[in-house]
1. Among the lysines, which have Cα under 27 Å from the Cα of residue 130 when same-chain residues fewer than 8 positions away are ignored?
2. Angle between the Cα long axis of helix 138-152 and the longest principal axis of the chain, 0 to 90 degrees, nearest 10?
3. Taking the Cβ-Cβ separation of residue 116 and residue 201 as r and a Förster radius of 22 Å, what is the calculated FRET efficiency to the nearest 0.05?
4. Taking the Cα centre of the range 2-220 as origin, sum charge times position over the Cβ atoms of Lys and Arg (+1) and Asp and Glu (-1), and report the length of that vector in debye to the nearest 20.
5. Say the dipole of the chain comes from +1 at the beta carbon of Lys and Arg and -1 at that of Asp and Glu; which of 103, 39, 80 then lies farthest toward its positive end?
6. Would you mind counting up the charge near residue 144? Only other residues with Cβ under 11 Å from its Cβ, with Lys and Arg at +1 and Asp and Glu at -1.
7. What's the extension gain from residue 102 to residue 172 if we count 0.36 nm per residue and subtract their Cα-Cα distance?
8. By counting other Cβ atoms within 10 Å of each Cβ, how are 130, 40, 6 ranked from fewest to most?
Amino acid sequence: MLEMRKVTVSIAGVRVLREVSLTLRPGVCTVLIGRNGAGKTTTLRAIMGLVPLVSGEILLEGDALHERPGHARAGLGLGYAPEDRRLIPGFSIEENLLLPALALNLTAAERKRRLDDVYGLLPQLAEMRKRPGGATSGGQGKMVALGRALMVGRKAVLLDEPFQGLAPALALDYARTLAALRREREGLALLITESSPHLLDAIADETLSIERGAIEAEDAAPGAATPGH
């Protein structure tokens, strides 16, 4: 469904990704493990068009995703929740959730349908929907970022270090939410970066390891994503 083929990325003259290849398939949860600076975040940013490619290609259902501008990729069914959440402090939580749907010019009926879907999966967001985005805790902000990604992520959702900085109880709650998401959206592809693989053992179909910008190893279930080097 979504493929990275020998993707190389340099930032400020430094090679960050080195011929990274991986494939995401509908219904498969792939976890990308690596230390800080290994290239996890850059992998997600490359898929979302936030960094240019030196070489390689990224395909979505066979089409050249890497040729499309970053702002067009959410409209293709890709949702992205960055590690730092990036909420608009002066907007309410509901307004933050609706922002990508408004940017895509979805109809009011479709916006409501998707918002109700997110609230059904994340009922805690419905309870605090009028709260300013700037008044959320770290864990709450992570949930808002997940909900915002789900508003547009109909084919794939990319989550960057979703457990970073969460207290154990909140991390467990987030993991339960991801398990529920997999049950509710069986065809959704998930790509999750993490430093600690055990946090996602219960829902990961495949675990990839990235070191110094290259995918080095895999632990994949039969039929799951296939990495390259």
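No lab work stands behind these numbers, since they all come straight from the coordinates. Just so you know, these numbers come straight off a predicted model, no measurement behind them. Cβ sites come from the backbone with ideal geometry, for glycine too, and all protein chains shown count toward neighbours.
1. Correct list for residue 130: 112, 142.
2. The two axes meet at around 80 degrees.
3. That pair, residue 116 with residue 201, gives E of 0.10.
4. Numbers: 28 positive and 27 negative charges, 129 e Å.
Roughly 620 debye, rounded to the nearest 20.
5. Selected residue: 103.
6. +4
7. 22.0 nm
8. By the 10 Å Cβ count, ascending, the order reads 130, 6, 40.
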